[in-house]
Each structure stands twice: as C-alpha cells, then as structure tokens.
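One structure is given here, and the rest of the page talks about it.
Just so it is clear, none of the values below were taken in a lab; they were calculated from the coordinates. Since we're looking at a predicted model, the values are computed, not measured. Reconstructed Cβ throughout: ideal geometry from the backbone, glycine too, with neighbour counts over all protein chains shown.
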Amino acid sequence: MPDYAYVARDMSGHRKVGVLTANNQRDVLTQLDSLALMPVEIKVAQDSSSIRTKRVGGQVMANTYNQLAALLRSGVPLLRALTVVSSQASKPALKAVLEDVKLRVEDGEPLPNVMARYPRVFNDMAVNMVRAGTEGGFLEDALERIAAFTEQQEDMKGRAAGALAYPIFLACVGTAVVSVLVIFFVPKFEPLFKSLRDKGELPAATDLLLGFSAFLQSYWMVIIGAIVVGIVSLISFLRSDNGKYWLDWMKIKMPMFGNIFLSLAVARFCRVLGTLLENGVPILRSLDISRMAAGNRILSASIEKASENITAGEKLAAPLAASGHFPNQVVEMISVAEESNSLDTVMVQISDSLERTTFRRMDIMVRLLEPLMLLIMAGIVFFIVLALMVPLLSSAGTV
C-alpha cells in the first residue's frame, strides 16, 4: 500500500503533518476522521521508485498543460493524451516523467497522485487543481487555468529580470573599471609623489588612494579568498531555514525595493488563491497552497495565522489586516468579496491590479537607478583623477 503525506488541523485549529499508509485517499480520510483531524491536503509521499528529475522550466510546463487540455477537450482519452504529450516533450527529463505518469495512470493510480510524486515538475498548485478538476469533472478547464497562471508567472519573472539586467550590467562594468584604475593605473604615480610624501605635503585624498591601491596589490589573494569564503558562507546560510527567513525579511524591509517585493508576493498569493477557489478547491487547502506560492516566509506565516481564524469560523480580511503586510485597499476588497461571496473572482482582480501598479513602480525605480549608478561611477572616477591631479598641479605651480 502507498504512503500518503497529509496536512491537517485538529479540533483546536492547530496544524498537523504526518504520513499514513492506506489503499487510497478515502482510507486516509477515514483514518484522519478517527484521529479527529480535519484534512487540508493529502498527497502521495515521495518514495524511492520516483524518478530523480531536474526542474523543468515554467514555459515548458505551460505548453505541456495547454497541449494536454486541448487533447482532452477534443475527446482524446487521458491515456492516449498522455502518450501524445510525452512523445512531443522537448525535455528528456519531462519526457521520462510523462511516460511514468502514463504507466502509473494505466495501472489505476489517480492522475493527481502520480503528479505529486514529482514536485520538481508539478508544483502543489498544479497537483491540487488537477485533483479538484478530476473530482469535479472539469479537468480540461483546470489544466488551462494552470497553463495560464504558469505563463503569467513566467512573464512576470522575465519582466523583472529584464528591468534589472542593465543596472546589474552597469554595476559590473563600473566595478571592473574602478578596479583596473586602482590596481594598475594609480601605482604608476607612486614615484612622482614620494618627495611630497616625505615633505608631508601630499594631500590626504591622494595618500588614501595610494594606500588603498598598495593594500589591494599586497593582499589581493587574501581579499579574493575572503570574498569566496564570504559568498560560500552566505549561500550556505541562505539555504538554512533561518537564512531563508532572514532573506525574506530583508526583501520586504530593504529601502526602495521592499514594497515592490512585498507587493509581488501578495499578488502571487492572491492569484493562486483565486485560481484555486475558482476550480473548487476548499478554502483551507487553497490558503495552505497559496501561502507557500507567495514565495515569502514572512507573508506565509501571516496567512497561516489567518487560516486559523477561518477554521474558527471568522473572516479572512481581519487577520490579514492585522499582519500589516497587506495594503489597506487589498484588505477592503477582500472584506467586500467575502460579504458578496465573490472571493475567487476578486482575488484574481486584486492580483492584476497589484501587478500593474508594481511594474509601473519598478519601471520608475529602474529608470532612477540607472542615472544614479552612472553618477556613482562618475563620482568615483572623478575622485581618483582629482586625487592624482591635485598634487601634480601643485608641484607644477611650485616649480
């Protein structure tokens, strides 16, 4: 019998996680009921028979979902549709997964349970939406919604990366130019300034620049080693739970870009929650999935507290407002949506509005960042040139 990983809540609303062995999900529900637990999520636990796969790109997965939805909508049986899609898969890893999915479904295992075996290919949102679509008889619609959401997320990532590409390029080029000037150009002036230094007439800026250049020349290996060790230590720290929590905190607290990161996280949460609710996924399970999809642990913790209020029969808007991470406008729209029983539609509208506003703000910030970085680079180069030219002009005037 397969093992099923579950997320549930007890009578007090506390979150419980565990693994049960059962013939199917119905048996798992029976066991959870005997334990006085309310199921939030049930999925097949990972086992050693699962294929070790690489992560598949979002756009590739969006195309796969669209192809499968089109085949099913045309009346092609599921097994035949999986065979066609796997034969057309462009990535070997995806092809292997789809072939295994087809074989397991052919053996009688439900499609969402098989998908849950490959979290690096099918995320929780896709698995739960497929499960809802399978149980509710709207699998084609569920697959199309997954594809649309995945494409939208990939477009958002691409726009963010494109907006930051030029400022990052400027930073790299500026660092390289300044390093070459300080390490190779500045030392050539050392003999010219020796007499001024002996007399105590060397300007402080020039003395500082020459000292910094000499330090880089003498200890460049130590500096590079320290940078490498620092990067490795930072990466190791960021991979830990404390490091991930700290990074998420920094993202929403940093100057200038903190509000952008927070708004994008809120938009992701709203879009996933609205999409899941539209596909018939229960509110508690939808909240549990969407809070992880937000991509920020600080925000996720606030949403988890809000879901506890839902378990107690309260509204969603009040605890979200109390967290301080949701804009007042968003909270008010959620409150009105709860009253009118239109939370699924309104959450997607909130996401659209937040993304439009955030990308406009991001465009403005990037446009301001580019001239700011150019001014910083020009200021550093001007300081270097001025520090070298002032003693030269002073010596020429004295002569």
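Give, in nm to one decimal, the length gained when the segment between residue 16 and residue 195 is fully stretched (0.36 nm per residue of separation minus the Cα-Cα distance). Intermediate results must be reported in sequence, preceding the final value.
Details: separation 179, 0.36 × 179 = 64.44 nm, distance 7.61 nm.
Difference between extended and current length: 56.8 nm.
So who's got an amide H within less than 5 Å of the one on residue 9, skipping anything under 5 residues away but keeping other chains? H placed 1.01 Å off N, in plane.
16, 38, 40
Relative contact order for the range 3-44: what percent, with Cα pairs under 8 Å and sequence separation of 6 or more? Could the numbers behind the result be given before it?
Working: 66 pairs, mean separation 21.8, N = 42.
With pairs under 8 Å counted, the relative contact order is 52 percent.
Compute the relative contact order of the chain as a whole-number percentage, counting only Cα pairs closer than 8 Å that sit 6 or more residues apart in sequence.
Details: 424 pairs, mean separation 55.3, N = 399.
Reported relative contact order: 14 percent.
For the charge dipole of the chain, defined by +1 on Lys and Arg C-beta atoms and -1 on Asp and Glu C-beta atoms about the Cα centroid, which residue among 228, 22, 35 has the Cα displaced farthest towards the positive pole?
Result: 228.
Sort 295-304, 207-216 by packing, meaning the average of other beta carbons within 10 Å per residue, with the highest value first. The partial results should precede the final answer.
On the way: 295-304: 19.5, 207-216: 15.3.
Listed from highest to lowest mean packing, they are 295-304, 207-216.
What length, rounded to one decimal in nm, is gained on full extension from residue 249 through to residue 35, with 0.36 nm per residue of separation minus their alpha-carbon distance? Intermediate values should be presented prior to the final figure.
Numbers: separation 214, 0.36 × 214 = 77.04 nm, distance 3.65 nm.
Stretched fully, the residue 249-residue 35 segment lengthens by 73.4 nm.
Would you mind giving the average projected area, over all directions, of the Cα convex hull of the chain in nm² with one decimal? List each step's numbers first, then the result.
Working: hull surface 104.6 nm².
Average of the hull's projected areas for the chain equals 26.1 nm².
Using a cut-off of 13 Å between beta-carbons, work out the net charge of the residues near residue 318 (Lys and Arg +1, Asp and Glu -1, residue 318 not included). List each step's numbers first, then the result.
Working: positive: 305, 315; negative: 308, 314, 332, 338, 339.
In short, -3.
Indicate the helices, whole DSSP H runs only, in the chain that combine a mean Kyte-Doolittle hydropathy of 0.5 or more with a Cα extent along their long axis of 24 angstrom or more. Don't skip to the answer; put the middle values down first.
Working: long enough: 139-180 (60 Å, 0.48); 204-239 (43 Å, 1.69); 258-278 (30 Å, 1.20); 343-398 (80 Å, 1.17).
The answer, listed by residue number, is 204-239, 258-278, 343-398.
Label point 7 Å out from residue 375 along Cα-to-Cβ: which residues of the range 150-184 have amide N under 17 Å?
167, 171
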